[in-house]
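Remarks on the structure that follows.
The values are calculated or read from the model by the stated rules, or taken from the named source; none is laboratory data. Only a predicted model underlies this, so the values are computations on that prediction, with no experimental measurement involved. Glycine also receives a Cβ, built like all others from the backbone with ideal geometry; neighbour counts cover every protein chain displayed.
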Amino acid sequence: MFISMRKTVCLLLITCIISLPRLSYAMTYDEERKISQEIITNLDANGLIVYDHEITWPVKMITERLADHVKSPVYTFTIHVISDRSINAFTIPDGHIFINVGTLLFARDIDEIAAVIGHEMGHAQQRHIPQTLEEQKAVTAASIVGVLLGTLVSAKNPEAGAALVFSSLGGGENFKLAYSRSHEYDADDFGTRLISDSGFSPSAMNRFLSRLNAYSGGSNIPEYLLTHPHSTNRISGQSPDVQKPKPDSYYWNLHASISGLLLPEEEAVQRSATIPEPYRNLSLGLLETRKGRHDKALALLKDVDLPLANAYKGLNLALMGKKDEAYPYLKQFGNSARSQIVLSEIMEERGEFDQAVAVILPFQKQDASVDYRLGILYQKASKQSLSHVSFARYFFKTAKHKAALHHITKALENEKDLDAHVVDELKEMKEYVGKVIKN
């Protein structure tokens, strides 16, 4: 696990064991899937998972490239981006890997991002989680839940989050967080070999850790309290030549997307100043779009000949009411929830109802606006079960729990008409919502 030295967020990996029973190393894959779904449901309900295609797509491409070079993979690896500014990444059962926005911003090129993901793949592939659970028999469910709550709260209120975390830890000297040092070193070795086999720079791991150590400023947190050994102790001898980062178009596209779509305006402007053209104007154009200043956005994107810039030209034109001009841009270049929702609306107005559903269907469960739009479209098509599923997802993501429960219940009344995975998802949501309403 990679991690920043900030006390309030250094424990996020512990989410991998929320609500777990005393499981042995022989955890079944079905148990892993159930556990992972519970964790993802909790993270999703708290708005911590980033679904912006502009940000997740490059990270998924890196993950797939790495996964292609894992020998006899145990899992189908799935990557998620977490909306947290700390430098961290973690793994949970069933091959799910999470990387924080802070890590993506801290990395200097795609190779460094690959190094972090490759390390987490090492934890998953070597099944360190079941081993860790066996070693942590003394950990109580209350302490685990407390740490989870603390890390979630810390994103919004660091002092309150830290209080929850450390009160949950109590005085338990035997509470060894997450993985052992040997697990971390094994994951480092696995990741170093994997990134080399996948064609990424072998020095990426070392330069990331070296810069992380300098960034931490010599933290006074004892090593035994950390979920990983100090970065200075982990710098590998396998790649002594630490080459300079080589940011490419994929990296700058990702960096521009994070700045333009997620960061506060002042910071986004400052970070954009450090990005080379044409990605600087792309970043600022995305920011202006997010702020609803469509004329300014179009002016910035006018001369930027990048697929993402062209998609946002169409988006801004449509939001200004120039739908005929927007349509070809959106149809050719749109590949995110934002652009496809607008394209769907234009298609419905043109009588292209089936196409209106098809273009946003890939983004269901990811963007609340997509789920709401699908709910309306399915309702118009008299597909009530699917409409209830979509509305349930929308209200769940927007924390309107009573409305979510209503639509979940309605959808489950006809569960025979639904995919088994959808039924499992709805039941997981219903359990979570029930607890929230009860409390």
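Worth pointing out:
- Within the stretch 28-56, tally of residues that are without any contact (Cβ under 8 Å) to a residue 60 or more places away in the chain and closer than 15 Å to N100 by Cα: 4
- Count of the stretch 293-335 residues which are out of contact with any His (no Cβ under 9 Å at 6 or more places or on another chain) and touching a residue at least 40 places away in the same chain (Cβ under 8 Å): 2
- Helices (runs of 4 or more DSSP H) lying entirely in the stretch 345-439 (those with 1 or more residues that are under 21 Å from the mean Cα position of the chain (by Cα)): 353-360, 368-380, 384-397, 420-438
- Of the helices (runs of 4 or more DSSP H) lying entirely inside the stretch 257-326, those containing at least 1 residues that are within 18 Å of I55 (Cα to Cα) span 265-272, 279-290, 307-319.
- So I92, is it crowded, with 23+ Cβ neighbours inside 10 Å, more than 11 Å from the chain's Cα centre (by Cα) and farther than 28 Å from V370 by Cα: no
- Of the criteria (1) surrounded by fewer than 24 Cβ atoms within 10 Å (Cβ to Cβ); (2) assigned to a helix (DSSP H, G or I), which one L330 fails: (1)
- Single residue of L23, L48, L66 found to be touching a strand residue (DSSP E or B) at 6+ places or on another chain (Cβ under 6 Å) and either modelled with pLDDT under 55 or of a type in the set (A, V, I, L, M, F, W, C) (or both): L48
- Identity of the residue in the stretch 348-389, among the acidic types (D, E) and free of Cβ contacts under 8 Å to residues at least 60 places away in the same chain, that ends up nearest to L412 (Cα to Cα): D371
- Total residues in the stretch 315-370, condition aromatic (F, W, Y), touching a Ser or Thr at 6+ places or on another chain (Cβ under 9 Å) and farther than 22 Å from L386 by Cβ: 2
- Restricting attention to the stretch 58-102 and to residues that are aliphatic (A, V, I, L, M) and in a strand (DSSP E or B), the residue that is nearest to Y29 (Cα to Cα) turns out to be I92.
- Long-range neighbours under 8 Å by Cβ, at least six apart or interchain, first residue within 17 Å of E38 (Cβ to Cβ) within the stretch 404-430, second crowded, with 16+ Cβ neighbours inside 10 Å and acidic (D, E): E428/E38
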